[in-house]
Amino acid sequence: MKPIFDRCRSNPILKAQDMPFPAEAVLNPGATEQGGEVVLLLRVEYATGYSSIYVARSKNGVDGWRIEKEPILAHGLPQWRYEQWGCEDARVVRLEEEKCWYITYTAHSPLGAAVGLARTKDLVTAERVSLIFSPNNKDAALFPRRFNGRWAVLHRPDAGGVENIWIAFSPDLTHWGEPHCVLPEGPGPAWDAQKVGAGPPPILTKDGWLLLYHGVKLYAGQYVYRVGVALLDEKRPHKLIARSPCNIFKAMALYEMAGLVSNVIFPTGLLLRGDELWTYYGATDTCVCLATAKLADVLATLEETKQ
C-alpha cells in the first residue's frame with residue numbers, strides 16, 4: 001500500500017546543531033501561522049536534560065528558520081515551581097474570539113508532569129494563565145472554538161498505567177470539568193494498546209473534528225510510537241465518530257528509527273494548507289521533521305466506531 005504521508009526531502013528540518021545556542025535535542029513542535037509565515041514552538045532540551053520552549057519562523061515552513069535566542073516559555077523560573085524541570089511539548093492554537101494564541105504544554109517538576117496553559121498576542125512573549133491539570137497528565141490540545149459557550153481541551157491523564165485521551169470543558173479557560181473519555185487505548189495486541197495521546201489541536205473538516213494522535217505498543221521492552229487518526233463529532237467533541245484501525249504513519253527513515261529514543265514519531269503541529277495536511281513532528285526525541293498528506297487520503301483511513 002502506498003504511504004499516505006510524504007516526508008519532506010529536507011528532513012530533519014531542524015536539529016540541535018541549528019539552535020543559536022548549545023542544545024542536546026529539538027523536538028515536538030507546536031505549529032501555527034502568522035503574517036504569512038509558519039511559526040513553530042520548539043521544545044529544546046539542553047545538555048542538562050531540562051527543556052524550554054523556543055519560537056522559530058520560516059517563510060516556507062521548510063527551511064530558512066529564524067530561531068529566537070530567548071525562550072517564550074523558560075523552565076526553572078522561581079515563581080513557577082511546577083516548571084522546575086521543564087516546559088515541554090507545546091501545542092498552540094489561535095482563538096479568534098480571544099484575539100490571541102493559547103499554548104498548552106507539559107509543566108515538569110519533582111511533583112510530576114502537569115498541564116500548563118499560556119497565552120500570547122504576538123508569539124514573542126507569553127503570559128502564563130494557570131496550571132489546568134495536576135500530575136500526571138500530558139498531551140493537552142485545545143479546540144479553537146467554544147461548544148455551547150464552553151471551551152474544550154483534550155488531555156491524557158495517567159490512571160495507574162491506563163493512558164486514554166480524555167476531554168474537559170471550561171467557561172473561562174481556567175476552571176475545567178465535565179470529564180469524558182474520548183479515545184481509549186487499543187485492545188489486546190493493537191498497535192496503540194499501551195497508551196494513546198492527542199497530537200496537534202484538532203482541525204474542523206466537513207465530517208467533524210480531525211484528530212491526529214500517537215499510539216504506543218511495547219515490543220521486547222521497547223516503546224514504539226506511531227500515528228493514528230480519529231474523527232470527533234462537530235458539535236459534541238467528546239463523541240468519537242470514527243478511528244483508523246491501523247496506524248497511518250510510522251518510523252521508516254533512519255532519523256525516525258535511531259536517535260535518543262528509537263522508533264518515535266510524535267506529531268504536535270498541524271496546518272491545513274489547501275487540501276494538504278502539513279504535520280510537524282518530533283523524531284526519536286532528537287529532531288523536528290515535516291510530512292504532508294492529502295486530507296482526503298487521511299479521512300479515507302477511518303472506520304466508524306460504535307462507541
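I'm told Leu271 meets every condition in (1) in contact (Cβ under 8 Å) with a residue 60 or more places away in the chain; (2) under 17 Å from Gly197 (Cβ atoms); (3) not basic (Lys, Arg) except one. Can you identify the failing condition by its number?
(2)
Where the second residue is of a type in the set (Lys, Arg) and surrounded by 18 or more Cβ atoms within 10 Å (Cβ to Cβ) and the first is closer than 17 Å to Thr279 by Cα and lies in the stretch 1-28, which pairs have Cβ atoms under 8 Å and are six or more apart or on separate chains?
Listed pairs, sorted by first residue: Val26/Arg43; Leu27/Arg43; Asn28/Arg43.
List, please: which pairs have Cβ atoms under 7 Å, are six or more places apart or on different chains, and start with a residue in the stretch 186-209 that is under 16 Å from Asn247 (Cβ atoms) and touching a residue at least 24 places away in the same chain (Cβ under 8 Å) and end with one that is buried (at least 24 other Cβ atoms within 10 Å of the Cβ) and acidic (Asp, Glu)?
So the pair list comes out as Gly186/Asp192; Gly197/Asp139; Ala198/Asp139.
I'd like the full set of residues that are farther than 23 Å from Ala300 by Cβ and either among the acidic types (Asp, Glu) or touching a Lys or Arg at 6+ places or on another chain (Cβ under 8 Å) (or both), limited to the stretch 188-216. Write out each step before concluding.
Our first condition is that a residue be farther than 23 Å from Ala300 by Cβ; within the stretch 188-216, this holds for 188-189, 193-195, 197, 216.
Selection gives Pro189, Ala193, Gln194, Lys195, Gly197, Val216.
Hey, among Leu77, Leu95, which residue is surrounded by 17 or more Cβ atoms within 10 Å (Cβ to Cβ) and out of contact with any His (no Cβ under 8 Å at 6 or more places or on another chain)? Full working, then the answer.
Values: Leu77 fails: surrounded by 17 or more Cβ atoms within 10 Å (Cβ to Cβ).
Unique residue meeting the criteria: Leu95.
Can you name the strands (runs of 3 or more DSSP E) wholly within the stretch 151-215 that have at least 3 residues being over 22 Å from Gly30 (Cα atoms)? Let's see the steps before the verdict.
Details: elements: 151-157, 165-170, 177-183, 195-198, 203-205.
Hits in the stretch 151-215: 177-183.
Considering each of Ala168, Ala198, Ala190 in turn, give the residue that is under 15 Å from the mean Cα position of the chain (by Cα), surrounded by 15 or more Cβ atoms within 10 Å (Cβ to Cβ) and hydrophobic (A, V, I, L, M, F, W, C).
Ala198
Restricting attention to the stretch 102-143, which residues are closer than 25 Å to Glu163 by Cα, free of Cβ contacts under 8 Å to residues at least 60 places away in the same chain and not in a strand (DSSP E or B)?
Passing the criteria: Pro110, Leu111, Ser134, Pro135, Asn136.
Considering only residues that are surrounded by fewer than 17 Cβ atoms within 10 Å (Cβ to Cβ) and polar (S, T, N, Q), which ones fall in the stretch 53-74?
Asn60
Which condition from (1) within 30 Å of Asp63 (Cβ to Cβ); (2) crowded, with 22+ Cβ neighbours inside 10 Å is the one that Val224 breaks?
(2)
Bear in mind these aren't lab numbers, they're just calculated from the coordinates by the rules spelled out. Bear in mind that the values here come from a model prediction, so they are computed numbers and not experimental data. So basically every Cβ, Gly included, is an ideal-geometry build from the backbone, and we count neighbours across all protein chains shown.
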